[in-house]
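Undergrad: Okay, here's the structure, questions in a sec.
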Amino acid sequence: MSQPNLRALAASVVIQVIDQGHSLSQALPKAQSKLRDARDKALLAEIAYGVMRQLPQLDTQLRRCLQKPLSGKKRIIHGLLLAGLYQLKHTRVGSHAVVAESVNACREIGAPGMTGLVNGVLRALDRDMDALQAEQFDAPSVHYRHPGWFIKRLQQAYPDQWAAILDANNEAPPLWLRNNALQQSRDAYLQQLADAGVEAVAGEEQEAIRLPKPRDVTGLPGFPKGAVSVQDHSAQISGRLLNAQPGERVLDACAAPGGKSCHILEQQPQLAELVALDVDPWRLTRVQQNLDRLGLTATLKCGDGTDPQSWWDGQAFDRILLDAPCSATGVIRRNPDSKWLRRDEDIAQLAELQGKILRACWQMLKPGGTLVYATCSVLPDENVQQIQAFLQNTPDAMLDPIVAGEDDTTPGWQLLPTVEGGDGFYYARLIKRQDGATQTA
Ligand SMILES: C[S@@+](CC[C@H](N)C(=O)[O-])C[C@H]1O[C@@H](n2cnc3c(N)ncnc32)[C@H](O)[C@@H]1O
């Protein structure tokens with residue numbers, strides 16, 4: 001049976017994201033499942049991710065070539081041309097193949113009348129490639145390939161670093177693994193990788209391993225049996241900060257897909273219980289899959305973190321990790337579609353939800369207990385301002401500093417994304433005062 005044209009699939013994925021508000025994580029796997037060859041699947045992903053990274057520049061250069069914008073039913077052809085221009089500018093696919101395959105895709109899409117336009121536009125763009133590659137763009141949102149509202153927020157929060165953050169977001173990220181210390185030491189696993197011819201380096205976090213080249217992890221030594229997991233370097237810090245001890249009850253309050261729950265269990269196999277809570281039942285099934293692969297056990301609960309009465313048994317927790325739902329603005333390089341899906345007004349709504357979950361979690365924490373608050377955001381509203389307000393309004397909450405210089409006015413540790421390093425993340429650690437302790441204790 002013949003398989004669908006890869007460029008037609010790419011056009012559909014691009015339009016699903018930019019016009020219909022679907023995420024790449026929804027649209028891409030469905031399209032990939034229609035292709036048999038692993039290399040074709042990888043090329044489709046490269047085109048889809050690449051278009052999202054480069055979108056404003058591709059769009060600007062493409063629109064100049066069109067006499068009339070492609071609207072309505074012709075939007076899919078706009079997606080096809082964006083994918084075509086991306087391949088011409090940023091991949092090694094030969095220009096002849098790009099044009100020929102895009103014209104074939106046009107027929108497959110059911111628009112044979114548009115083949116002339118697709119052929120003509122892509123050929124014209126290809127002829128101009130040197131000029132297109134060298135073009136400088138005046139508008140910051142086109143130059144930096146991020147929405148204007150986000151650039152403004154970054155400029156305000158990071159007057160010296162905003163451009164470096166945007167540049168890092170535009171790069172494809174490294175692949176980070178977390179060694180499973182229950183199965184082998186990191187050094188032993190690095191040796192297994194070297195024996196298998198896989199380039200890898202140790203990271204700063206105890207179990208972190210960086211693979212400079214992206215690859216299918218399922219073929220890594222021992223992966224199916226849980227030797228390692230995929231987890232960014234910055235995300236691996238959470239377990240160390242939580243520092244769970246034998247016999248403790250721990251809540252992972254926003255647990256799915258379970259990366260941090262599994263890490264906590266790998267670091268501390270003698271917990272009394274780890275409760276992994278998430279509001280999304282489908283995402284919770286992914287926690288179970290991850291636990292199964294790693295041979296770990298947790299109590300899974302589907303429930304709303306803002307409303308403990310609906311699922312909590314009333315037994316307080318010694319430690320809570322709250323990896324809150326957030327704007328994910330620290331992981332744009334991993335999810336470049338989020339730049340075009342997220343809206344400025346989402347930030348205040350997310351901050352409100354985070355505050356509600358944080359206050360509810362506080363009720364479930366034992367006096368003397370520790371709560372680690374985390375987001376993969378770089379925006380102060382969700383991070384330092386959130387925790388600052390919480391400390392001000394919660395007399396029994398005390399900051400447990402993670403890094404030098406932290407105090408109640410600048411609580412927490414903001415990590416920014418770097419090209420070879422970890423994602424953008426924020427951590428703050430809070431302790432619940434013991435009964436009778438005063439605020440100044
Ligand atoms: C940043 S992700 C968590 C990632 C996870 N900690 C890990 O390391 O794999 C945030 C999670 O919060 C969940 N969530 C959103 N609102 C929630 C709520 N009100 N109560 C509980 N979980 C919620 C989402 O379904 C999502 O899975």
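Undergrad: When the stretch 321-333 is examined, which residues are found to be more than 12 Å from the ligand (Cβ to nearest atom) and among the hydrophobic types (A, V, I, L, M, F, W, C)?
TA: I332
Undergrad: Residue under question is L70, and the condition is that it be assigned to a loop (DSSP other than H, G, I, E, B) and at pLDDT 95 or above; does it hold?
TA: For L70, the condition - assigned to a loop (DSSP other than H, G, I, E, B) and at pLDDT 95 or above - is met.
Undergrad: Under the condition of being part of a loop (DSSP other than H, G, I, E, B), touching a strand residue (DSSP E or B) at 6+ places or on another chain (Cβ under 9 Å) and among the small types (G, A, S), which residue from the stretch 360-418 is surrounded by the fewest Cβ atoms within 10 Å (Cβ to Cβ)?
TA: Filtering the stretch 360-418 for residues that are part of a loop (DSSP other than H, G, I, E, B), touching a strand residue (DSSP E or B) at 6+ places or on another chain (Cβ under 9 Å) and among the small types (G, A, S), the one surrounded by the fewest Cβ atoms within 10 Å (Cβ to Cβ) comes out as G412.
Undergrad: Checking the structure you have, find out if any residue of the stretch 187-207 is surrounded by 13 or more Cβ atoms within 10 Å (Cβ to Cβ), within 16 Å of the ligand (Cβ to nearest atom), among the small types (G, A, S) and outside the structural domain of Y426 (by TED's automatic domain parsing).
TA: No, the conditions are met nowhere in the stretch 187-207.
Undergrad: Continuing with this model, one more query. If a residue has to be under 23 Å from the mean Cα position of the chain (by Cα) and not in a helix (DSSP H, G or I) to count, how many in the stretch 279-299 make the cut?
TA: Total meeting the criteria: 2.
Undergrad: Does any residue of the stretch 212-226 turn out to be within 13 Å of the ligand (Cβ to nearest atom) and either buried (at least 20 other Cβ atoms within 10 Å of the Cβ) or over 29 Å from D400 (Cβ atoms) (or both)?
TA: Within the stretch 212-226 (the criterion being within 13 Å of the ligand (Cβ to nearest atom) and either buried (at least 20 other Cβ atoms within 10 Å of the Cβ) or over 29 Å from D400 (Cβ atoms) (or both)), the answer is no, since none of the residues qualifies.
Undergrad: With (1) within 16 Å of the ligand (Cβ to nearest atom); (2) farther than 30 Å from L55 by Cβ; (3) in contact with an Asp or Glu (Cβ under 8 Å, 6 or more places away or on another chain) as the list, and K366 as the residue in question, which single condition is left unmet?
TA: Going through the list (1) within 16 Å of the ligand (Cβ to nearest atom); (2) farther than 30 Å from L55 by Cβ; (3) in contact with an Asp or Glu (Cβ under 8 Å, 6 or more places away or on another chain), K366 breaks only (1).
Undergrad: Take the stretch 324-362 and flag every residue that is of a type in the set (D, E, K, R) and more than 30 Å from D19 (Cα to Cα).
TA: K356, R359
Undergrad: Right, next: Sort through A168, A111, A105, A124 and tell me the only one that's hydrophobic (A, V, I, L, M, F, W, C), touching a residue at least 12 places away in the same chain (Cβ under 8 Å) and under 30 Å from V198 (Cβ atoms).
TA: Just one listed residue meets the conditions, A168.
Undergrad: Within the stretch 227-247, restricting attention to residues that are polar (S, T, N, Q) and either in contact with an Asp or Glu (Cβ under 8 Å, 6 or more places away or on another chain) or farther than 14 Å from G259 by Cα (or both), which residue is farthest from the ligand (Cβ to nearest atom)?
TA: Only one residue fits best here, namely Q245.
Undergrad: Pick from V99, V93: which is part of a loop (DSSP other than H, G, I, E, B), at pLDDT 95 or above and among the β-branched types (V, I, T)?
TA: After applying the criteria, what remains is V93.
Undergrad: Something else: Is it true that some residue in the stretch 355-362 is closer than 12 Å to A253 by Cβ, in the same structural domain as A244 (by TED's automatic domain parsing) and more than 14 Å from the ligand (Cβ to nearest atom)?
TA: yes
The values are calculated or read from the model by the stated rules, or taken from the named source; none is laboratory data. Just so it is clear, the structure is predicted and the values come from calculations on it, not from any experiment. Because the Cβ atoms are built from the backbone with ideal geometry, glycine has one as well, and the counts that use them run over all protein chains shown.
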